[in-house]
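The values are calculated or read from the model by the stated rules, or taken from the named source; none is laboratory data. Not measured: the values here are computed from a predicted model. In this analysis, Cβ positions are derived from the backbone assuming ideal geometry, glycine residues included, and neighbour counts consider all displayed protein chains.
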Ligand code: NAD
């Protein structure tokens, strides 16, 4: 899997069961965002050559893997899930080191991959099709699921193991073979995840990893004629590039993109509960979740009290290296992310929002070696301000006042995204009205905008995606083709539909 240069490991691509360097000879460093002096590993900077080899290997492996009975494929998934369980703590620590989020969250990320393995292993013995009556006598009609072939997967860095598991497990149990491109910032967690699958017995060529920069690997992967589908999770801007490319070659394409997730808190809500939810939803993973709570829409009766208390509590959160169990908020993932978030804080101030807490880079003590930003609360934000409209992807939350539930929902829906949403109220009638009217793929009642479970559909509306969902059995619809099958046992020609009527 790796060679060692002094004490820093070099990781190679994984193609057709072999560990292979990039022919360019180029590599990329993976550094710890909590302490950039710490090099986590050296990874290959690959390109079209490695992508082609990986896709061809996956193509060769497809027939044998797709003919392996699904319950047997599922046994490998189950075994991989139990290997992940045994190695969970080490993998969680690796993940904290490579992308910064605190240990309890990286344990959760690894656990999500384990849960996903259990769930999709079950599909090995279900993967139900359907049977239905034929319109003709002595004729049997059914529809079955068939794998697609080679699937390309392009991943983000914020859920470095959970998101690859949402893609790989359903694809594999359905009989597809895969080429996965990890995000530049988090290749190690994908290696750890795939190593569990390989140890569990996935045959050569069925899973291939090619690391490298965005378009240099993602471009040839989405353009390759042997790739039947691309599953992408990342930003809306890159999703657009991928969607356009796939449309040109008629590839199936799943896009899971950005969010600007609202939490509405009504006057009758349990404020303690809502405050706990707001802190967790806004500042967990340093705000770098696609479902992060980035707008808190507060009914006017509780607005001031809520903001004051949110500000007070956000200042108590402890920043630092996520490997320290006492730390609440880790760093943002990279220098680029740091600059983006700080520039949005300037935009918020310039546009007239009140900076009520945070707003600066945090460089005290050892934090000076990392990319830390204070948990930041903007108050008096109006719905059309840029910080209320655009995805910031950092520890920054905007508080907006609303007059009523209806007003809150109108503000919540007035953005280009539609991933997650939440409402705090004790009124069941208003809760159900919000479930109906919030224009989002996910709605929580009395819980923050984060906390998805693997057996429910995950994804969003508008520019958050293109209608597919990850998680849940619905994701098999992406990784399989329906085949309609008719078996005529009448022993004479029967013409269907109107051909049969005089
Ligand atoms: P990103 O779009 O910058 O990168 C995602 C992946 O695409 C990376 O692997 C990157 O290398 C690759 N890529 C970049 N340019 C490419 C190109 N031209 N061609 C092909 N591939 C290319 O996103 P990110 O910064 O890694 O992740 C953050 C974004 O992901 C946020 O917008 C977040 O909301 C979104 N996200 C969405 C979900 C969801 O399920 N909806 C989940 C997690 C993250």
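A few comments on the model shown:
- Taken over the range 206-223, residues that are buried (at least 23 other Cβ atoms within 10 Å of the Cβ) and not in a helix (DSSP H, G or I) amount to 7.
- When 89, 98 are checked against the criterion of being within 30 Å of residue 365 (Cα to Cα) and touching a helix residue (DSSP H, G or I) at 6+ places or on another chain (Cβ under 7 Å), a single residue qualifies: 98.
- Of the candidates 348, 394, the single residue that is surrounded by 18 or more Cβ atoms within 10 Å (Cβ to Cβ) and under 20 Å from residue 104 (Cβ atoms) is 394.
- Selection status of residue 395, within 16 Å of the ligand (Cβ to nearest atom) and closer than 22 Å to residue 303 by Cβ: yes
- Hits in the range 224-244 - residues which are surrounded by 20 or more Cβ atoms within 10 Å (Cβ to Cβ), in a loop (DSSP other than H, G, I, E, B) and more than 10 Å from the ligand (Cβ to nearest atom): 224
- The residue pairs whose first member lies in the range 358-386 and is at pLDDT below 95, whose second member is part of a loop (DSSP other than H, G, I, E, B), and whose beta carbons are closer than 8 Å, counting only pairs six or more residues apart or on different chains, are 366/320; 366/321.
- Residue list for the range 172-205, restricted to those being within 16 Å of the ligand (Cβ to nearest atom) and in a helix (DSSP H, G or I): 187, 188, 189, 190, 191, 193, 194
- Any hit, the range 409-418, residues being outside the structural domain of residue 238 (by TED's automatic domain parsing), without any contact (Cβ under 8 Å) to a residue 40 or more places away in the chain and in contact with a strand residue (DSSP E or B) (Cβ under 6 Å, 6 or more places away or on another chain): no
Residues are listed down the side, and each one gets a yes or a no for (1) surrounded by fewer than 24 Cβ atoms within 10 Å (Cβ to Cβ); (2) more than 28 Å from residue 463 (Cβ to Cβ):
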site: 293; (1), (2): no, no
site: 357; (1), (2): yes, yes
site: 364; (1), (2): yes, yes
site: 373; (1), (2): no, no
site: 376; (1), (2): no, no
site: 389; (1), (2): yes, no
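- Considering the conditions (1) assigned to a loop (DSSP other than H, G, I, E, B); (2) out of contact with any helix residue (DSSP H, G or I) (no Cβ under 7 Å at 6 or more places or on another chain); (3) more than 8 Å from the ligand (Cβ to nearest atom), residue 247 is excluded by exactly one of them, (1).
- Among strands (runs of 3 or more DSSP E) entirely within the range 265-381, having at least 2 residues that are within 16 Å of the ligand (Cβ to nearest atom) singles out 293-299.
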